[in-house]
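The values are calculated or read from the model by the stated rules, or taken from the named source; none is laboratory data. Model, not experiment: these values are computed from the prediction. Positions of Cβ are backbone-derived with ideal geometry, glycine not excepted, and every protein chain shown enters the neighbour counts. Areas reflect the complete protein model, heavy atoms only, side chains present, ligands, DNA and RNA absent. Shrake-Rupley method; radii C 1.70, N 1.55, O 1.52, S 1.80 Å.
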Amino acid sequence: ITASDLTNETFRRIEETESQVEAFITLNKENALAAAKAIDEKGITTSNPLAGIPIGIKDNIVTKGLLTTAASKILSNFYPIYDASVMEKVYSSDMITVGKLNMDEFAMGGSTETSYYKKTKNAWDQTKVPGGSSGGSAAAVAAGQVPVSLGSDTGGSIRQPAAFNGVVGMKPTYGRISRFGLIAFASSLDQIGPFTRTVKDNALALSAVSGYDEKDGTSAGVEVPDFAAGLNGDIKGMKIALPKEYLGEGVDAGVKAAILKAVDTFKALGASVEEVSLPHSKYGVQVYYIIASSEASSNLQRFDGIRYGFRSEKVQSLEDVYVNTRSEGFGEEVKRRIMLGTFSLSAGYYDAYFKKAGQVRTLIMQDFQKVFADYDLIIGPTSPTVAYGIGENINDPITMYQSDILTIPVNLAGLPGMSIPAGLSEGLPVGLQLIGNHFDEATMYKAAYAFE
Ligand code: GLN
């Protein structure tokens, strides 16, 4: 098969399924076909397993000349003049960018319902949400539109949609993949990562897009292993921890049953599984919403109607440009975060909220460090529930925020976390979350591959 054949077939498949899942904001057909042709002319060699493979990109990753909206009205006319560093990795590995995927506006949300453009559907049941914020990235892979996509994860936005759609999603260690050109939500938490249908594909994709980048001040100068090469199905003697907080109150019975079954599978494979405690993880949601919103309120100051993007027509003064552009350009959830963040950072409240949140964040990190002194890997559910109905929770922010309780602590600690399919509950996929030590994605892939 040639790259051109595969690209044509990809667009045929997208046309066939897109009216049901609505995963894409923008398609990149002409450029993708031209790129495929160039790859065919150059010749595909077996040394690069990703050559000619179609990939979908979350719409908060900037792509030169290709509309990049972050699912916001305020970027509805933004054609970037540069590529994110991760896109340079995509191009140098000869993958074909087929389009930009739907998401929650500025990655704020857990159901892809805050997108200004469309509502993506769960690939298993069109009445259910695909999760979020990378809902388009997960649904596109689950619906067979693309074999791989990129998403971003600030508090669970790769792992939770992967869980809801029954695919593999990896949020690597903070610093593993360059964030240069990822439209910033909360800079100390954001990470890009791949979605795929299989663990091995995911390992290949992560190796391809990782690595040090001088354009990102938080990029890590660590070696990038060939993650796929280490997969042999042998996890005998691996020491796995199961935090008791992760199967506690609020976790659905069907989800819990699927995770306990996964525990048995790991034991049968020769690993040990023991109960541990992450006592401060219960504060994760509160800490996260202060830190993430504070960073967001600062990061989103650049959308002022002057530099780029949408500008309100209803203006008489400079102040009108700022106020009306932002009032009309941002959705409800984004405004809620900006207000919460501005409040937490304001004089007189800073010590009580932002500073305190930072201190509790350290306690959450220390909980994980204690566990990793004795164990190789932590497991638990990705989300307390399976996918819920479209419209069911979106008007209840507190319920939405609470549902990230199992993924958020991982971002606060900068650790790698992944979600892999672990059976069904109520006919919908359950995600098993694997949490690794810093820069030890290799152990997670080993365990996930043996389990799969
Ligand atoms: N659902 C969480 C939030 O709304 C996480 C989002 C994310 O990881 N980008 O902030």
Go through (1) at negative phi; (2) surrounded by fewer than 24 Cβ atoms within 10 Å (Cβ to Cβ) one by one and return the number of the condition Q160 breaks. (2)
Only one residue in L150, L206 is closer than 22 Å to V222 by Cβ, assigned to a strand (DSSP E or B) and away from the ligand (no atom under 12 Å from the Cβ). Which one? L150
Test set (1) buried (at least 24 other Cβ atoms within 10 Å of the Cβ); (2) modelled with pLDDT under 95 - T399 fails condition number: (1)
If you take the residues of region 158-177 that are closer than 19 Å to G423 by Cα and hydrophobic (A, V, I, L, M, F, W, C), which of them is nearest to the ligand (Cβ to nearest atom)? I158
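What are the residues in region 378-404 that are aliphatic (A, V, I, L, M) and in contact with a Phe, Trp or Tyr (Cβ under 9 Å, 6 or more places away or on another chain), if any? So that I can check it myself, show each step before the final result.
Narrowing region 378-404 to residues aliphatic (A, V, I, L, M): 378-379, 386-387, 390, 394, 398, 400.
Of everything in region 378-404, those that are aliphatic (A, V, I, L, M) and in contact with a Phe, Trp or Tyr (Cβ under 9 Å, 6 or more places away or on another chain) turn out to be I378, I379, V386, A387.
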Exactly one of (1) in contact (Cβ under 8 Å) with a residue 40 or more places away in the chain; (2) outside any helix (DSSP H, G or I); (3) farther than 27 Å from E214 by Cα; (4) in contact with an Asp or Glu (Cβ under 9 Å, 6 or more places away or on another chain) is unmet by A139. Its number? (2)
Would a scan of region 343-353 turn up a residue that is in a helix (DSSP H, G or I), under 20 Å from F106 (Cβ atoms) and within 16 Å of the ligand (Cβ to nearest atom)? yes
Long-range neighbours under 6 Å by Cβ, at least six apart or interchain, first residue more than 20 Å from A71 (Cβ to Cβ) within region 16-32, second assigned to a helix (DSSP H, G or I) and open to solvent by less than 40 Å² (accessible area, probe 1.4 Å): K29/F11; A32/T7
Every residue from region 308-349 that is open to solvent by 90 Å² or more (accessible area, probe 1.4 Å) and farther than 23 Å from T114 by Cβ: E313, K314, Q316, L318, E319, A347, Y349
Restrict the check to region 275-288 and report whether at least one residue is in contact with an Asp or Glu (Cβ under 7 Å, 6 or more places away or on another chain), within 27 Å of K356 (Cβ to Cβ) and of a type in the set (D, E, K, R). yes
Can you tell which of I408, I364, I390 is more than 13 Å from the ligand (Cβ to nearest atom) and open to solvent by less than 40 Å² (accessible area, probe 1.4 Å)? I364
Just to verify a result, which residue in region 122-134, among those that are more than 11 Å from the ligand (Cβ to nearest atom) and crowded, with 24+ Cβ neighbours inside 10 Å, is nearest to E9 (Cα to Cα)? A123
